[in-house]
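Only one structure is covered here, and it is reproduced in the block below.
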Amino acid sequence: MKHTGKRLFQYAAFFKKPLLIALLFLSVAVATELAGPFIAKQMIDRHILGIEKPWYATTSVTQTFQAVPHNGTWYKRSDNFAEGEPKGKEVRILQVGSQFVWIEQPISFDGVRKLVGNNRLTITQGKEQAEYAAQKLSIQELYTFYEPEFNSLMKLAGLYFILILIGAGFTYGQRYLLQSAANRIIQRMRSDVFAQIQRLPINYFDNQPAGKVVSRITNDTESIRDLYVQVLANFFTGTIYIVGIIAALFLLDYRLALFTLPVIPMLYVWIIVYRKYASRYNHIIREKIGSINGMINEAIQGMTIIQAFRRQKETIEEFDQLNEEYTNYQNKLLSLNSLMSHNLMNVVRNVFFFGLIWYVGGSSLNTLITVGVLYAFVDYLNRMFNPMVGIVNQLPNLERAIVSADRVFELLDEEGLDVVAEKAERYLGHVKFEHVRFAYKAGEDVLKDISFEAKPGQTVALVGHTGSGKSSILNLIFRFYDVNEGRITVDGRDISQIPKQQLRQHMGIVLQDPFLFTGTIASNVSLDDPSITRERVEAALRDVGAAEMFKSLPRGIDEPVIEKGSTLSAGQRQLISFARALAFDPAILILDEATASIDTETEAIIQAALDVLSKGRTTFIIAHRLSTIKNADKILVLDHGEIVEQGSHEELMQLRGRYYQMYQLQQGHQAMAKTHKAGVETPNGIPLV
């Protein structure tokens, strides 16, 4: 958590200015909101309940609007007298139930009030009791005593309304700044994660389903966004509120404030206990959602096979199992959240209110605390629990975001390769393998002591059974993987000492199943490289024999290509891949079974283009159709990771070894296939197959 929290803070530091301004706005908004109970206290204690303060007869009626006439005499409340101003006879106005009474004398003490008859008032405090002559005040008479307060009450109400508007404005500002900063943070993080994917070696993707990688870029970063937008907003707001409220409580009454302090360590322990149990559930949940995404991606990619082999039911069952496991852990987390959510916080709040009633009612504070102070205290206590409820409710999002951040930073921490901007001079293409050994897994060599040489401009063909090591040799040339022993040189330089981007800068590859990007035919040839001009794209397509084929399309080479080029035939996709390789003019060209999945007619076009494509560059060809490599300068025959034969087609045919047998076998199959198409039958009447 510490390491993850530090890195999340580092991302936030990139946008510290709007975040700090948002925090300042939040502080102002909280301050304006917390001023409300103080204003209410003033309105209650001074202007509403202030009527019960001592009143004195006065003669300075012309100097103030605070004097009130009653029974032919002017009276003014004690707190409205100026310093040194003479005071006359003291009288009191007291509330008894819903009635207000007039007493023509001061009272000795206050306590439980009771009206006896219509003109006697008793006040009881403990064992003491006092009795006074009292006169009930009519509504009009009471209104006369309240009338001087209306102006002040309206001013305070107006001030409160202005503070509400100011608080609303600053709240809008802080939320906008906080959320826009959070969006920028996540935008940067997603860019970093996607850039990291470009830096990762190929073997990383051998062990990671695409759906899990996608889940980290989309789902996990979105969870982190919730951290900045919701969790931190609630935590910042809650913390400032709680600190501000505790300060206000101390200003009201320090004894009541001390009563509320235990809630702070309680909240801290609450968070620690919750995170202890929620962390494990969230890690499993994020893994499960990654597995679900991976399976969905795999099912979509392989939908043709699933439906062709009628595996829909089994696929659904497999998905349901993953979905069930995910739901079970979601429910476990839900139970934890329900147990430790705002409902429990409400119980704690009610316990505090009960304790407050017991504490105040059972002590001498009940005679020392005014109604306004008690109202403000209860209001503040309610306000303090609201942000605490908000913090507790955000704990699930906090834990989910931390787990997601762990997964994102785990991906960012994978050892990658920095992109090299320097351009390398085009090399001659002299490739040499010197006693190379290689294994994908330790102790399981797929290449054993491989040594051969490909001179500039030569075409080298690799043949052999599946798993013999053909593709591994090409992977090593491209440095998708590095050798375990021996070395590979290009123009005499060990490729392990050449940055991968520079090494691949003058290499081209054509795969058996070419990959096309969403765009157009032209953009798939140029890959949007600004150095590949339109003329160069057209020339490349023309040289590989594809120009006429694409002219028939409605938009020609500007015809849209949707995902993976699914609207094009296999031959068309392969021709685009050939044109792409030719447009980039590589010094070393690799054809990985480039003609294996196309029809005979298209193969003839591609075969004619191979002479153009391989001219002036070193070419490596993997081919199952041996007829396509008869003109290769050198043919390497591999068996279980070893070169068992090498030479030209004629040389290997004269050896009458493994290559000879493979060639004869293929020729025999082709002859039988032709006979079968012609309808020739064997003496038994069974067509040759």
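The values are calculated or read from the model by the stated rules, or taken from the named source; none is laboratory data. No experiment lies behind these values; they were computed from the predicted model shown. Quick reminder, even Gly has a Cβ in these numbers, built from the backbone with ideal geometry, and neighbours come from all protein chains shown. These area figures cover heavy atoms from the full protein model, side chains too; ligands, DNA and RNA do not enter into them. Shrake-Rupley method; radii C 1.70, N 1.55, O 1.52, S 1.80 Å.
From the residues in the range 570-587 that are over 12 Å from LEU516 (Cβ atoms) and in contact with a helix residue (DSSP H, G or I) (Cβ under 8 Å, 6 or more places away or on another chain), which one is surrounded by the fewest Cβ atoms within 10 Å (Cβ to Cβ)?
GLY571
Scan (1) at positive phi; (2) assigned to a helix (DSSP H, G or I) for the single condition ASP528 breaks and write down its number.
(2)
Here are MET345, MET295: which of them is at pLDDT 80 or above and surrounded by 15 or more Cβ atoms within 10 Å (Cβ to Cβ)?
MET295
Please find, within the range 618-648, the residue that is surrounded by the fewest Cβ atoms within 10 Å (Cβ to Cβ) out of those that are part of a helix (DSSP H, G or I) and without any contact (Cβ under 8 Å) to a residue 60 or more places away in the chain.
This residue is SER627.
Within the range 212-240, track down each residue that is among the aromatic types (Phe, Trp, Tyr) and open to solvent by 30 Å² or more (accessible area, probe 1.4 Å).
PHE235, PHE236
Within the range 1-20, restricting attention to residues that are in a helix (DSSP H, G or I) and open to solvent by 60 Å² or more (accessible area, probe 1.4 Å), which residue is farthest from GLU90 (Cα to Cα)?
The selected residue is HIS3.
Got at least one residue in the range 649-671 being under 17 Å from VAL460 (Cβ atoms) and not in a helix (DSSP H, G or I)?
No: zero hits.
Go through the range 255-270 residue by residue and tally those that are within 12 Å of VAL373 (Cβ to Cβ) and surrounded by fewer than 18 Cβ atoms within 10 Å (Cβ to Cβ).
The number of residues fulfilling the criteria is 1.
Which of the following residues is in a helix (DSSP H, G or I) and within 15 Å of PHE620 (Cα to Cα): LEU462, LEU474?
LEU474
In this structure, is GLU399 part of a helix (DSSP H, G or I), charged (D, E, K, R), within 16 Å of the chain's Cα centre (by Cα) and crowded, with 20+ Cβ neighbours inside 10 Å?
Yes.
Those residues that are surrounded by 12 or more Cβ atoms within 10 Å (Cβ to Cβ) and of a type in the set (Gly, Ala, Ser), I need them from the range 298-320; list them, please.
ALA299, GLY302
I'd like to know if the range 411-431 contains one or more residues that are in contact (Cβ under 8 Å) with a residue 12 or more places away in the chain, in contact with a Ser or Thr (Cβ under 8 Å, 6 or more places away or on another chain), open to solvent by 20 Å² or more (accessible area, probe 1.4 Å) and closer than 30 Å to TYR268 by Cβ.
The answer is no; no qualifying residue exists.
So is ILE93 within 60 Å of the chain's Cα centre (by Cα), farther than 29 Å from ILE166 by Cβ and either open to solvent by less than 40 Å² (accessible area, probe 1.4 Å) or free of Cβ contacts under 8 Å to residues at least 12 places away in the same chain (or both) or not?
Considered against the rule, which asks whether it is within 60 Å of the chain's Cα centre (by Cα), farther than 29 Å from ILE166 by Cβ and either open to solvent by less than 40 Å² (accessible area, probe 1.4 Å) or free of Cβ contacts under 8 Å to residues at least 12 places away in the same chain (or both), ILE93 comes out as no.
Would you mind stating whether ASN484 is closer than 29 Å to ALA442 by Cα and not aromatic (Phe, Trp, Tyr)?
yes
Can you say whether TYR75 is among the aromatic types (Phe, Trp, Tyr), open to solvent by 30 Å² or more (accessible area, probe 1.4 Å), in contact (Cβ under 8 Å) with a residue 12 or more places away in the chain and in a strand (DSSP E or B), as far as the supplied structure shows?
No; evaluated as a whole, the condition is false for this residue.
Could you please find all residues in the range 483-530 being among the hydroxyl-bearing types (Ser, Thr, Tyr) and at pLDDT 85 or above?
Matches in the range 483-530: THR489, SER496, THR520, SER523, SER526.
Within the range 241-254, how many residues are open to solvent by less than 40 Å² (accessible area, probe 1.4 Å) and out of contact with any Pro (no Cβ under 8 Å at 6 or more places or on another chain)?
The number of residues fulfilling the criteria is 6.
Considering each residue of the range 139-182, count those that are under 30 Å from TRP102 (Cα atoms) and open to solvent by less than 50 Å² (accessible area, probe 1.4 Å), and give that number.
Total meeting the criteria: 10.
Got at least one residue in the range 34-45 being buried (at least 19 other Cβ atoms within 10 Å of the Cβ), over 20 Å from PRO148 (Cα atoms) and among the aliphatic types (A, V, I, L, M)?
yes
Being of a type in the set (S, T, N, Q) and part of a loop (DSSP other than H, G, I, E, B), is that true of even one residue in the range 29-44?
No - not one qualifying residue is present in the range 29-44.
Among strands (runs of 3 or more DSSP E) lying entirely in the range 107-148, which contain 1 or more residues that are in contact (Cβ under 8 Å) with a residue 24 or more places away in the chain and not aromatic (Phe, Trp, Tyr)?
Where strands (runs of 3 or more DSSP E) fall fully within the range 107-148 and carry at least 1 residues being in contact (Cβ under 8 Å) with a residue 24 or more places away in the chain and not aromatic (Phe, Trp, Tyr), they are 120-125, 128-133.
Can you go through ASN337, ASN350, ASN323 and tell me which one is surrounded by 12 or more Cβ atoms within 10 Å (Cβ to Cβ), modelled with pLDDT under 85 and among the polar types (S, T, N, Q)?
Going through ASN337, ASN350, ASN323 in turn, just one is surrounded by 12 or more Cβ atoms within 10 Å (Cβ to Cβ), modelled with pLDDT under 85 and among the polar types (S, T, N, Q): ASN337.
Somewhere in the range 225-248, is a residue of a type in the set (Lys, Arg), touching a residue at least 40 places away in the same chain (Cβ under 8 Å) and closer than 30 Å to LEU339 by Cβ?
yes
Which count do you get for residues in the range 166-223 that are of a type in the set (Lys, Arg) and free of Cβ contacts under 8 Å to residues at least 40 places away in the same chain?
1
Could you list all residues from the range 188-209 that are in contact with an Asp or Glu (Cβ under 8 Å, 6 or more places away or on another chain) and of a type in the set (A, V, I, L, M)?
Of everything in the range 188-209, just one residue is in contact with an Asp or Glu (Cβ under 8 Å, 6 or more places away or on another chain) and of a type in the set (A, V, I, L, M), namely LEU200.
Look at GLN505 and say whether it is out of contact with any Pro (no Cβ under 6 Å at 6 or more places or on another chain), open to solvent by 50 Å² or more (accessible area, probe 1.4 Å) and either of a type in the set (Ser, Thr, Tyr) or closer than 24 Å to HIS435 by Cα (or both).
no
For the range 51-60, state whether one or more residues are hydrophobic (A, V, I, L, M, F, W, C), more than 26 Å from VAL373 (Cα to Cα) and without any contact (Cβ under 8 Å) to a residue 40 or more places away in the chain.
Yes, some residue in the range 51-60 is hydrophobic (A, V, I, L, M, F, W, C), more than 26 Å from VAL373 (Cα to Cα) and without any contact (Cβ under 8 Å) to a residue 40 or more places away in the chain.
Taking the residues in the range 448-459 that are not polar (S, T, N, Q) and not in a loop (DSSP other than H, G, I, E, B) as candidates, determine which candidate is nearest to GLY429 (Cα to Cα).
Across the range 448-459, the extreme among qualifying residues is ALA454.
Pick out the one residue from VAL446, VAL436 that is free of Cβ contacts under 8 Å to residues at least 60 places away in the same chain, open to solvent by less than 60 Å² (accessible area, probe 1.4 Å) and more than 15 Å from MET507 (Cα to Cα).
VAL436
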